[in-house]
Amino acid sequence: MKAPPFIYHRPETLDDALALLAEHGDEAKVLAGGQSLIPLMALRMGRPAHVVDLGAIDGLAEITEADGAVSLGPLVRHEQANRSDVIAQHAPLVAQTMPHVAHRAIRTQGTVLGSIAHGDPAAEMPAVVIATGATLTATSSSGERTIAAAEFFEGYLDTALRSDEILTDVTFPAWPSTAVSSVVEVARRHGDYALVGVVTTLDITDDIVTDAALAYFGAASTAIRVSAAEQSLIGSSPSREAFDAAATIVAAELAPPADIHGSTAYRKHLAGVLTTRGLTAAVDSIGVPA
Amino acid sequence: MTDTQSSRLAAETATGGSIVDVSFTVNGSATSVTVEARRTLSDVIREDCELTGTHLGCEHGVCGACTVLVDGQPSRSCLMLAAQAEGRDITTIEGLAGPDGELHPVQQAMMDAHGFQCAFCSPGFLMSTVALLDENPDPTSEEIREELSGNLCRCTGYQSIVDGVERAVKIMKGGSK
Amino acid sequence: MSANTSGLVGQSVKRVEDDRLLVGNGRYVADVNPPGVLHAVFLRSPLAHATITSIDATAARRAPGVVAIFTGSDMEAITHPFPPFAMQPDLYTPLYYCLSSTTVRMVGDPVALVLAESRHLAEDALELIEVDYEPLDTVASIAEGLSPTKPQLWEKANGNVLYDHVHTFAPGNESVDAVFAGADRVITERLSCPRQSNQPMETRGSVVEVDPDTGHMTIHNATQSSHMLRWIGAALTGKQSTREAAKGIIANKERRKAFLAGAKSFLKENAEGLKAQDNDGMKSQLKADKSFLKHANLIGVGLLGKDDYPDVVAQDIGGGFGAKGSIAREDVALIAAAGELGRSVKWIEDRVENLMDGGQAREEDLTLSIAVDDDGTFRGLKVDLVIDQGAYPGFPVGAPLASAIMKVMFPGSYNWDAFEMRSRIVATNKGKYVAYRGPWANETWARERMVDIVARALKMSPAEIRLKNLIGDDQMPTAMITGPKIDETMSTKKTLERALELLDIDQFERDRDTALAENHYLGLGIASYHEAAPGPPGYWECVNPGTETLLNEEAQATVETDGSVVVYTSQMPHGQSHETTYGQIVADELGVAIEDVKLVFGDTRRTPFSILGTGGSRGGPIGGGAMKYASRAVREQLVDAASKLLEADVADIEIVNGNVHVAGVPARGVTFAELIAQTAGDGFEATRSYRGKGDGGWSVATHACIVDVDLDTGKVTFPRYLVVEDCGPIINPAIVDGQVRGGVAQGIGAVLYERATYDDDANLQSATYMDYLIPTSMEIPEIEVHHMETLSPGGENDFRGVGEGGMIGAPAAITNAIEDALSPFGARITSQYLPPTKILELAGVISPD
Ligand SMILES: Cc1cc2nc3c(=O)[nH]c(=O)nc-3n(C[C@H](O)[C@H](O)[C@H](O)COP(=O)(O)OP(=O)(O)OC[C@H]3O[C@@H](n4cnc5c(N)ncnc54)[C@H](O)[C@@H]3O)c2cc1C
Ligand code: FES
Ligand code: FES
């Protein structure tokens, strides 16, 4: 199980990296933490002719906060995010998510932006991105563009990134003081990619839900929100009945693909169960009785 | 370079893949190697550095047998290109015992607790445990189980390994090292 | 005789092995790198069943670093096919070569071997070999294996059913059918166990080192049996024409003599067994396929004509669980290739290969009928077993042996009036079926599952029905209905009674009620069994006539001139800690510290011969016994020499801490080295052969567990898991606990996580560790192990095996507990594999897709 040969590039500036991508296009792959790309290459399921390692470029591991919005650079590792005070304070949902991603020895190398760029439908971060409406910045040698969360994930392991682009930034909007959130999932084993999981955010003012996001992973070919269920919550006060009603909508709307680890019926059911659990966990965190 | 090594390098060059020079520290010794870019850190540790205490159980990130410390952080050596280790500080199982052969408390504890059977998984568990206790010197048994869940063992059913970590906590608290 | 020991046996002595293993100084096969070694990779079939219409390696041969490529036809020219090994009446064992040349029968079937200067380069070249396949219809399940309309995997077989035999045991006056007719009722259920895989953390591997000057081969290999690999490796490689072989035989008089003498004594010692095998088993084989005779002749002549045989050296092994007891096709291909090239070659299997072809097990359908009276008395048992052997028979043993053991063990520790079992083995397009820790374990699973089903039908508790039917002490000594003798050491009933004491049933009932509020359902399950560890004398004759003689273990103990104690075994440790347990035994016998005992194993140049190596729970009882008697004989020699030197009576000599002296006068003592020097001896040596004790030989256990089933998610956890086991006197309690817990963990894996999954066209779906799920420390609970140490009246050397039992009992206890948990829904558990989807289907929460 050894990767096929490739030309290895270790640029020291982002411009050099972008120039390499511009030159090699589809033949090239960006290497960030390598926790998804390297096993794919070892299995010879991925065979880029050129590998552009971002590792030697300074300044890509920054976590910054401006007006409450938190931005992460492409070399911020999951474990770095897990321990970041800025994230704990200003992007609590990202902090809640990190312990769910794989195991520590993978989180120390794997990057948050790599998770997003890879676009695995069973991964947690894409769901966080769509739940929060984060903004993604893609940079190529011809410039920068921002992509809205809702436009980013196009299909199974497929995103709006072009082959000459690097995802250089993800910015999570300022976290409202009225917001609560949770991440719940069920995996076959602890630390595995989830069978189904849900990222939940609720904005609650005077005991009324003013905004809601329910973003599922492992439930479709991309991370996916179920707006009918979200709508059903808005305007009501958080309660077990409201949560169960949302869960019923979710279980009816989603038709997750089956694989050897779970049937469609099972995943559908699980999506419903996790909806209730996720909503309950979210409100638990602020002590609102459900 | 022996004949075999140079003929291998010639063949590797002929594949068209990059050959790279990489320098890093392994268990305190500065090391430089010239290898194919596709070689993983585990390939290089085992073959070029001849440190065979790091094991390969799956080469796709799941079993954890290949876990080493990279700048003190537990990492899968099978999921890192050697080239990515440029300038890093690597610790393997061979680097745990003292220079005089004195066992690291985690090694001593695993021996006391009959932690392993075939011990093929042991390098990964030892390195993960060292990393865990470095950061959390007094974990609960639930925390130990959670942290070690990134490492597979087929022989023991894990309890003896968890016991070993608990024993290591005691030894280390006793201030023996 | 006052055996004067240092009292190590019975203590949790620290492991000797850990001195090297825990510092990274182990030497596993992947760590062996002879100079100039070539790296091997096998090209494997992507299709489950196909004809190879052409294979072209031209481009691959030109790839950088490639030294040689062998295809199936290249290998047919220089190797012999794997012959049938343990023949049985009504069994046909197909013959197959190390690489496939015309037909592939499974995903992962090896069709070519590439040797290159690195593993990386070899994998590159692999992609350049062009193979044209013409797909054939596949046989993907037991049902398809039984179906007459499916294509046949083996030309000379009669369909895909390779074995079909009925065994009947009705010792009383009544026939089986009469017993069934006379019982109050008959309860029948069809149970099935999906495919599992042994999955040691170290994959398979072999390094064939060729001495560049002499051409002599040394095979470094992760094998459970180095002697078998040596001889089978030699036998199947280096194919010669009869003429060449004859020349070799004539040229090599000395070797011929030695070989013939060896063969003669083997034949003499094993005459009974070989005769038993010869008769009906051989007839069945020859009826289907006579080619075996031709190959056997060529193999024999070829072996005689060889002027050198390889040696095998096995060092540290990263687990095996049965999978490394087989001689692999890859092993043979590598030896042949190394011989052709005159160069060292190395193959370390990767995990994907291991999941395809490293050994799979347990896939069986079992239909059980129990004839029972209304008061719960068992009368008769009928079993219809079908084993899915996969594409290639394991060598030397696999499905036929599993079925033969099941035939003996199925009745378990219960009383029956009659027992009948039909066994069939089918060939399918899947990975090969090998022995996996307790290869017969599904008899325990199916029987204990069925006992619960019967109890439920009769409205009895699982404990009550077991206590009523288990063979009790008052009946001892007796025999199983299938033949093997049973005495008081078979204490199954006592382990159950003890387990029932340990369980707090009232507390369980309270917890069960509380859990309901959270949509969690608790259940309690038990399973009781005995296992041959290694079985009483005569046991193996009941299993497979002729095999009993193979059980023998030999040990050699020596004191070298420098006084060091070196002992030799043909056992092959791979996690069982033989260096420690044998060290304890020898240290006690010889009065030395365990650190002073060195165990030599795995090296055919130095260790005594045994065809089996490690397997069959023989390490403690037989290997340990041989070790004990060999070191005791050396002790007698030491004492004898010392009595002369010190002019004291033999009875007055003591050995304490390596000091041989007159009792009570340690100052007048000598060390072993001094004793040897002063008596002008050249050391002491004794070899002892042992076939086990005259009684006992059973290990027994009851597993009891409480499961917690979350009906929201279908996930199952274990609030409590306990094992009460009796393996006689324990050599090292920590090691025994480890063996039991490790086995239970594999049982938990089997029921809740692990499945070698194939789709309807026999494509493997679980080819990585993302899909074949080995449970982690978060899934395996704490497992309580309670010991009973029943001694046999015979006394000494009462050790019994303990490596397999954990895995044997666990699936039954767990599935019984889950059925109990789901009893409010009337769930009936008939499959051993219960992933979350299945749990929710059983509870009626969801419907199948
Ligand atoms: C055993 C195991 C378990 C895992 N479990 C989980 C889990 O439970 N949840 C989970 O979310 N993940 C899991 N992962 C994946 C892990 O989190 C990866 O780290 C992550 O998905 C990818 O991040 P990376 O930095 O390693 O990316 P890489 O492997 O370096 O790259 C992945 C892909 O993204 C591209 N890419 C990376 N960064 C950029 C960028 N900045 N711009 C453009 N393209 C880019 C690469 O070209 C490549 O195609 C697991 C991995 C393993 C090995
Ligand atoms: S070998 Fe690296 S995780 Fe298994
Ligand atoms: S001790 Fe054998 S795999 Fe862990």
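The values are calculated or read from the model by the stated rules, or taken from the named source; none is laboratory data. None of these values were measured; they are calculated from a predicted model. Note that we place each Cβ from the backbone using ideal geometry, even for glycine, and neighbour counts take in every protein chain shown. Remember, those area values only see protein heavy atoms, side chains included, never the ligands or the DNA or RNA. Shrake-Rupley method; radii C 1.70, N 1.55, O 1.52, S 1.80 Å.
Details
- Region A:15-27 residues that are closer than 13 Å to residue A:53 by Cα, paired with ones that are buried (at least 19 other Cβ atoms within 10 Å of the Cβ) (beta carbon under 6 Å, 6 or more apart): A:17/A:52; A:20/A:9; A:20/A:52; A:21/A:28; A:21/A:164
- Taking residues in region C:337-348 that are within 11 Å of another protein chain (Cβ to nearest Cβ) and hydrophobic (A, V, I, L, M, F, W, C), and partners anywhere that are part of a helix (DSSP H, G or I) and open to solvent by less than 40 Å² (accessible area, probe 1.4 Å), the pairs with Cβ atoms closer than 6 Å and at least 6 places apart or on different chains are C:348/C:30.
- Whenever a residue of region A:192-218 is free of Cβ contacts under 8 Å to residues at least 40 places away in the same chain, its partners that are within 16 Å of ligand 3 (Cβ to nearest atom), lying with C-beta atoms within less than 8 angstrom and at least six residues away or across chains, give the pairs A:192/C:773.
- Failed criterion for residue B:20 (all others in (1) within 12 Å of chain C (Cβ to nearest Cβ); (2) touching a residue at least 12 places away in the same chain (Cβ under 8 Å); (3) among the β-branched types (Val, Ile, Thr) hold): (1)
- All conditions in (1) touching a residue at least 12 places away in the same chain (Cβ under 8 Å); (2) closer than 27 Å to residue B:8 by Cβ; (3) more than 10 Å from ligand 2 (Cβ to nearest atom); (4) open to solvent by 10 Å² or more (accessible area, probe 1.4 Å) hold for residue B:53, with the sole exception of (4).
- Lone unmet requirement of (1) under 13 Å from the mean Cα position of the chain (by Cα); (2) within 13 Å of ligand 1 (Cβ to nearest atom); (3) not in a loop (DSSP other than H, G, I, E, B) for residue B:65: (3)
- Residue match in region C:94-104 (condition: part of a helix (DSSP H, G or I), small (Gly, Ala, Ser) and within 30 Å of residue C:158 (Cβ to Cβ)): no
- Residue B:73 being outside the structural domain of residue B:162 (by TED's automatic domain parsing), open to solvent by 30 Å² or more (accessible area, probe 1.4 Å) and more than 25 Å from residue C:318 (Cβ to Cβ): yes
- Residue in region C:26-39 that is without any contact (Cβ under 8 Å) to a residue 12 or more places away in the chain and within 14 Å of chain B (Cβ to nearest Cβ) present: yes
- Where residue C:644 falls short, out of the listed (1) assigned to a helix (DSSP H, G or I); (2) among the basic types (Lys, Arg); (3) at pLDDT 95 or above: (3)
- For residue C:730: the one exception among (1) more than 30 Å from residue B:112 (Cβ to Cβ); (2) part of a loop (DSSP other than H, G, I, E, B); (3) touching a residue at least 12 places away in the same chain (Cβ under 8 Å): (1)
- Within region B:78-121, tally of residues that are without any contact (Cβ under 8 Å) to a residue 60 or more places away in the chain, within 12 Å of chain C (Cβ to nearest Cβ), assigned to a helix (DSSP H, G or I) and buried (at least 24 other Cβ atoms within 10 Å of the Cβ): 4
- In region A:277-285, the condition of being at pLDDT below 95, open to solvent by 60 Å² or more (accessible area, probe 1.4 Å) and away from chain C (no Cβ under 11 Å) is met by at least one residue.
- Candidates C:740, C:723, filtered to the one that is in contact with a helix residue (DSSP H, G or I) (Cβ under 6 Å, 6 or more places away or on another chain), assigned to a helix (DSSP H, G or I) and buried (at least 24 other Cβ atoms within 10 Å of the Cβ): C:740
- Checked against the criterion of being among the aromatic types (Phe, Trp, Tyr) and part of a loop (DSSP other than H, G, I, E, B), region B:125-136 has no qualifying residue.
- For residue B:170, the criteria (1) within 20 Å of the chain's Cα centre (by Cα); (2) away from ligand 1 (no atom under 16 Å from the Cβ); (3) open to solvent by 20 Å² or more (accessible area, probe 1.4 Å) hold in every case but one, which is (1).
- Only one entry in C:496, C:503 is open to solvent by less than 10 Å² (accessible area, probe 1.4 Å) and either of a type in the set (Phe, Trp, Tyr) or more than 25 Å from the chain's Cα centre (by Cα) (or both), namely C:496.
- Enumeration of residues in region A:252-269 that are out of contact with any Leu (no Cβ under 9 Å at 6 or more places or on another chain) and of a type in the set (A, V, I, L, M): A:252, A:254, A:255, A:258, A:260
- Taking region A:22-110 and the helices (runs of 4 or more DSSP H) fully enclosed by it, the elements with 1 or more residues that are at pLDDT 95 or above, in contact with a strand residue (DSSP E or B) (Cβ under 6 Å, 6 or more places away or on another chain) and in the same structural domain as residue A:165 (by TED's automatic domain parsing) are at A:85-90, A:92-97, A:104-107.
- Applying the condition of being farther than 20 Å from residue B:113 by Cα and open to solvent by less than 10 Å² (accessible area, probe 1.4 Å) to region C:726-737 and asking which residue is nearest to the other protein chains (Cβ to nearest Cβ) yields C:727.
- Residues that are part of a helix (DSSP H, G or I), of a type in the set (Val, Ile, Thr) and out of contact with any Phe, Trp or Tyr (no Cβ under 9 Å at 6 or more places or on another chain) were ranked within region C:311-366; the one that is least open to solvent (accessible area, probe 1.4 Å) is C:335.
- Taking residues in region C:312-326 that are closer than 18 Å to residue C:600 by Cα and without any contact (Cβ under 8 Å) to a residue 60 or more places away in the chain, and partners anywhere that are within 16 Å of ligand 2 (Cβ to nearest atom) and outside any helix (DSSP H, G or I), not one pair has Cβ atoms closer than 8 Å while being at least 6 places apart or on different chains.
- Any chance residue B:67 is surrounded by 24 or more Cβ atoms within 10 Å (Cβ to Cβ), among the β-branched types (Val, Ile, Thr) and within 9 Å of chain C (Cβ to nearest Cβ): no
- Region C:688-705, residues that are crowded, with 24+ Cβ neighbours inside 10 Å and at negative phi: C:698, C:699, C:700, C:701, C:702, C:703, C:704, C:705
- Residue match in region C:607-625 (condition: modelled with pLDDT of 90 or more and surrounded by fewer than 22 Cβ atoms within 10 Å (Cβ to Cβ)): no
- First in region C:707-720 and without any contact (Cβ under 8 Å) to a residue 12 or more places away in the chain, second anywhere and open to solvent by 10 Å² or more (accessible area, probe 1.4 Å) and part of a strand (DSSP E or B), Cβ under 6 Å, 6 or more apart: none
- Sole exception among (1) open to solvent by less than 10 Å² (accessible area, probe 1.4 Å); (2) within 18 Å of the chain's Cα centre (by Cα) for residue B:156, by number: (2)
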